[in-house]
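The values are calculated or read from the model by the stated rules, or taken from the named source; none is laboratory data. The structure presented is a predicted model; accordingly, all values stated were derived computationally and were not measured. Virtual Cβ from ideal backbone geometry, glycine too; neighbours counted across all protein chains shown. Side chains are part of the model used for accessible areas, which takes the heavy atoms of the whole protein and leaves out ligands, DNA and RNA. Shrake-Rupley method; radii C 1.70, N 1.55, O 1.52, S 1.80 Å.
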Amino acid sequence: MATDTSASTKPAAPRLNVPAAMAGSLRLDASPVSARSASRLLDLPKTPSPSKVTYSDRFIPCRSSSRLQNFALLDSASPNSKNSPAAPDTPYTRLLRAELFPDSSPNAANPTSPNTNLFRYKTDHSAPSSPFANADKQDCGVGSGASTPKKAPRKVPKTPHKVLDAPSLQDDFYLNLVDWSSQNMLAVGLGTCVYLWSASSSKVTKLCDLGPRDSVCAVHWTREGSYLAIGTSLGDVQIWDSSRCKRIRNMGGHQTRAGVLAWNSTILSSGSRDKNILQHDIRVPSDYISKFSGHRSEVCGLKWSHDDRELASGGNDNQLLVWNQRSQQPVLRLTKHTAAVKAIAWSPHQHSLVASGGGTADRCIRFWNTANGNMLNSIDTGSQVCNLAWCKNVNELVSTHGYSQNQIMVWKYPSMSKVATLTGHTLRVLYLATSPDGQTVVTGAGDETLRFWNIFPSMKTQAPARDAGLFSFSRSHIR
């Protein structure tokens, strides 16, 4: 029996040319549409896959885009080439240059000419800079070559804002006849009398008259400003109540004039021509509680440190001695000065720092560290140093001078640069005192005048000292 093979035999399912591992997950439906799509897919002409690009394991850079001039590897003209040291002319150098720069080197054809700039770094001036580079340079003051502008120097008026007549003000280097209290009262010793001048009201008060047999040699206020100590030519030390114009104490002990006085919180020290320093305590009945003997000539300078721990004394024996309250012998004996030491000032800004000034044969301001006795600095002022005072508002000091220029000088510490030089006195500027606010100083001289100078800034604003203008030439009498 014949069999119909066309009806019984099913067409073979189309197959995809896929890997064997994926054959199980892919299948085609036996629908006519799917069959036609599959057959059409299988009938697509086969196109050869593009050939793969094979790269080697070496990277050869394009040197044309490299900035080799940054490292001066090429023979480019440079303004510093004349000063550049030449590389050694060795066969190895010539061979290395020929191998490294076969094309870019202008002397490639001649390998015997070595490159003298090999591996020498330099700045690439031709390279484009950042858009912010110029702004940064301008802000830093580098691009234009301009540095940060220096602060303008402080202006100090060259003329005194007030002048007082002071008849009989002595022209004696060893006396100390002017002092300014914390209550804004100026005390001046004129002959046998002491006068008080109020800086607030300009009122003049006669405090005392020592009589024809005595005279005033020194005046010094307590720190509170209520009591005034007076040293006399007879060697006495008197304490006066300024508010009542009454003497409350008279203390002896010196054999001759007491020309310098210094208060600390509780003790009054007095120096004399008899070479001794006496310590007076007005709380006890005795005239003095201790005596310091160390100078070989008259004591003319005396100052307590701000912490009351040390007392500095200067004498006509050219010595600066430093004492403390625990010993009656000096703890330091400083002998660098070559003339009398009257000018002494302790720094209010630095502990154990004291300045001293020498007389006509010395003319120097010297700075000392009393912790170890070292001299920190010495400045030759060119004339006799009569007084020193440190400003409490800024780290500056003022000095007054005698022979031969009679000037007043303001110094900045520690550079010791001159802030100002003031003139006006016709004789030695022997006396100096500072106002309570630290801005004004008063100077006195044998020309019988007291001159007031605004030389220091205030502590809060540190603004330039105000020039009083026409008021600078006002003149009045202290008595």
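The residue of the stretch 421-444 that is farthest from Thr381 (Cα to Cα), among those that are part of a loop (DSSP other than H, G, I, E, B) and polar (S, T, N, Q), is Ser435.
Does the stretch 366-376 contain any residue that is touching a residue at least 40 places away in the same chain (Cβ under 8 Å), more than 22 Å from Leu430 (Cα to Cα) and buried (at least 22 other Cβ atoms within 10 Å of the Cβ)? Yes, the stretch 366-376 contains a residue that is touching a residue at least 40 places away in the same chain (Cβ under 8 Å), more than 22 Å from Leu430 (Cα to Cα) and buried (at least 22 other Cβ atoms within 10 Å of the Cβ). Would you be able to tell me the number of residues in the stretch 154-196 that are among the hydrophobic types (A, V, I, L, M, F, W, C) and open to solvent by 40 Å² or more (accessible area, probe 1.4 Å)? The number of residues fulfilling the criteria is 1.
Looking at this structure, is Leu207 crowded, with 20+ Cβ neighbours inside 10 Å and assigned to a loop (DSSP other than H, G, I, E, B)? For Leu207, the condition - crowded, with 20+ Cβ neighbours inside 10 Å and assigned to a loop (DSSP other than H, G, I, E, B) - is not met. Being within 25 Å of Leu432 (Cβ to Cβ), of a type in the set (Asp, Glu) and assigned to a loop (DSSP other than H, G, I, E, B) is a property that does not hold for Asp287.
Quick check on my filter: what residues within the stretch 146-179 are modelled with pLDDT of 95 or more and of a type in the set (A, V, I, L, M, F, W, C)? Selection gives Val163, Leu164, Ala166, Leu169, Phe173, Leu175, Leu177, Val178. Just one of the numbered conditions (1) without any contact (Cβ under 8 Å) to a residue 12 or more places away in the chain; (2) closer than 30 Å to Ala152 by Cβ is not true of Trp411: (1).
When every residue of the stretch 291-303 is checked against the conditions, at least one turns out to be among the hydroxyl-bearing types (Ser, Thr, Tyr), within 25 Å of Asp362 (Cα to Cα), more than 29 Å from the chain's Cα centre (by Cα) and open to solvent by 10 Å² or more (accessible area, probe 1.4 Å). Restricting the stretch 399-429 to residues that are of a type in the set (A, V, I, L, M, F, W, C) and under 16 Å from Trp453 (Cα atoms) leaves a set whose member that is surrounded by the most Cβ atoms within 10 Å (Cβ to Cβ) is Val429.
Right, Ser270: without any contact (Cβ under 8 Å) to a residue 60 or more places away in the chain, part of a strand (DSSP E or B) and among the hydroxyl-bearing types (Ser, Thr, Tyr) or not? So Ser270 passes the test.
Only one of the numbered conditions (1) touching a strand residue (DSSP E or B) at 6+ places or on another chain (Cβ under 6 Å); (2) of a type outside the set (Phe, Trp, Tyr); (3) closer than 23 Å to Asp308 by Cα is violated by Thr266, and that is (1). If you filter the stretch 239-260 down to residues that are in contact with a Cys (Cβ under 9 Å, 6 or more places away or on another chain) and open to solvent by less than 10 Å² (accessible area, probe 1.4 Å), you find that the one that is nearest to Ala433 (Cα to Cα) is Val260. Against the test of being hydrophobic (A, V, I, L, M, F, W, C), touching a strand residue (DSSP E or B) at 6+ places or on another chain (Cβ under 9 Å) and on the phi > 0 side of the Ramachandran plot, the options Cys217, Cys245, Cys300 yield a single qualifying residue, Cys245. Of all residues in the stretch 355-378, none are within 19 Å of Leu261 (Cβ to Cβ) and of a type in the set (Val, Ile, Thr). Criterion first (within 18 Å of Arg428 (Cα to Cα) and open to solvent by 10 Å² or more (accessible area, probe 1.4 Å)) does Ala389 satisfy it? Against the criterion (within 18 Å of Arg428 (Cα to Cα) and open to solvent by 10 Å² or more (accessible area, probe 1.4 Å)), Ala389 qualifies.
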